1. Taking the range 152-191 as the region of interest, how many residues are closer than 28 Å to Gly52 by Cβ, part of a helix (DSSP H, G or I) and of a type in the set (Phe, Trp, Tyr)?
2. Would you pick out the residues in the range 43-57 that are at pLDDT below 80 and either closer than 18 Å to Asp218 by Cβ or aromatic (Phe, Trp, Tyr) (or both)?
3. So is Glu198 out of contact with any Cys (no Cβ under 6 Å at 6 or more places or on another chain), more than 28 Å from Pro139 (Cβ to Cβ) and assigned to a helix (DSSP H, G or I) or not?
4. Return the residue satisfying two criteria in turn: it lies in the range 202-230 and is part of a helix (DSSP H, G or I) and surrounded by fewer than 18 Cβ atoms within 10 Å (Cβ to Cβ), and of such residues it is farthest from the chain's Cα centre (by Cα).
5. Tell me yes or no: at least one residue of the range 154-176 is farther than 23 Å from Phe71 by Cβ, charged (D, E, K, R) and surrounded by fewer than 21 Cβ atoms within 10 Å (Cβ to Cβ).
6. Restricting to the range 105-135, and then to whatever is touching a residue at least 60 places away in the same chain (Cβ under 8 Å), hydrophobic (A, V, I, L, M, F, W, C) and not in a loop (DSSP other than H, G, I, E, B), can you tell me which residue is nearest to Pro33 (Cα to Cα)?
7. Just one of the numbered conditions (1) at pLDDT 85 or above; (2) surrounded by 23 or more Cβ atoms within 10 Å (Cβ to Cβ); (3) among the hydrophobic types (A, V, I, L, M, F, W, C); (4) more than 27 Å from Val231 (Cα to Cα) is not true of Val80; which one?
Amino acid sequence: MAKMIGPIYAMWLRQIKRYTRSKSRMIGSFAQPILFLLAFGFGFGPIYQKAGGGDYIQFLAPGIVAMSILFTSMFTGIEVIWDRRFGFLKETLVAPVSRVQIMIGRTLGGATVAVAQGFVVMIITLFLGFKITNLWYIPFAILFMFLIAVLFTALGTAIASKLEDMQAFPLIMNFLIMPIFFLSGALFPLEGLPKSIEIFTKINPLTYGVNGLRQALDGVVNAGIMYNLTVVIISTVIVGLVGSYLFSKIEI
């Protein structure tokens, strides 16, 4: 057991250290969530309230927390391309350690960083008027944050495993991230959408992550939250397995 956990822990710790060493990256990663909170929260808040939706900050905040986790998680994949270009990945892969263990460690490390950032963004939302309805349901929120982070860290790593061009990665990521984010219900309710768009929202795993996170932070734990949790867990397992397979096939 120790032989299996040791390499995973080492990769997890390495990922966290790489992120925390870059102060500018840490500070810059909060700019976009704060911008969305201020621009959308106070810009569309009065319109949302007049339409009978209630407090828009209360609706928006969980979506922005999920957004910060999504972006941080996905872009950790570029480190695979970076490491491969400068030879660091070769040093890692030739070690007497399973590539699956390396993949798990990298994924958990990136997910830990993303969840930590999500917590900071959540604290910021509290100062902007968001209210957590019931603190007893915080564990559900943490679970959804962690699953979202693992899911999209694994997805980012899986995509990076098939790429060698660092410039192509951000383009592909933006092509994926923007539809995933905007059609997840993070910024607006999903009721009444055209059928073609509604289909995409239903196959979008972030939709269920945002719904579950919103239900947990609003204190509404019911059958719906368990359904969302099940879908996110299944999506995470599938993407994790695919990511592990692709990472194990990297040529160095």
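The values are calculated or read from the model by the stated rules, or taken from the named source; none is laboratory data. The model shown is predicted, which means the values in this text are computed figures rather than measured ones. Glycine also receives a Cβ, built like all others from the backbone with ideal geometry; neighbour counts cover every protein chain displayed.
1. Of the residues in that region, 2 qualify.
2. Phe44, Gly45, Tyr48, Gln49, Gly52, Gly53, Gly54
3. Working: out of contact with any Cys (no Cβ under 6 Å at 6 or more places or on another chain): yes; more than 28 Å from Pro139 (Cβ to Cβ): yes; assigned to a helix (DSSP H, G or I): yes.
Yes; evaluated as a whole, the condition is true for this residue.
4. From the range 202-230, those part of a helix (DSSP H, G or I) are 202-203, 205-217, 223-230; that's our starting set.
Still in the list and also surrounded by fewer than 18 Cβ atoms within 10 Å (Cβ to Cβ): 202-203, 223-224, 226-227, 230.
Values: Lys202: 18, Ile203: 16, Ala223: 24, Gly224: 21, Met226: 19, Tyr227: 19, Thr230: 17 Å.
So, considering only residues that are part of a helix (DSSP H, G or I) and surrounded by fewer than 18 Cβ atoms within 10 Å (Cβ to Cβ), the one farthest from the chain's Cα centre (by Cα) is Ala223.
5. Residues of the range 154-176 that are farther than 23 Å from Phe71 by Cβ, as a first pass: none.
Checked against the condition, which is being farther than 23 Å from Phe71 by Cβ, charged (D, E, K, R) and surrounded by fewer than 21 Cβ atoms within 10 Å (Cβ to Cβ), the range 154-176 yields no hits at all.
6. So in the range 105-135, the residues touching a residue at least 60 places away in the same chain (Cβ under 8 Å) come out as 105-110, 112-113, 117, 120-122, 124-125, 128-134.
If we keep only those that are hydrophobic (A, V, I, L, M, F, W, C) as well, we get 108, 113, 120-122, 124, 128, 130, 132.
This time we only want the ones that are not in a loop (DSSP other than H, G, I, E, B), so: 108, 113, 120-122, 124.
Values: Leu108: 22, Val113: 15, Val120: 10, Val121: 7, Met122: 10, Ile124: 10 Å.
For the range 105-135, the residue satisfying everything is Val121.
7. (1)
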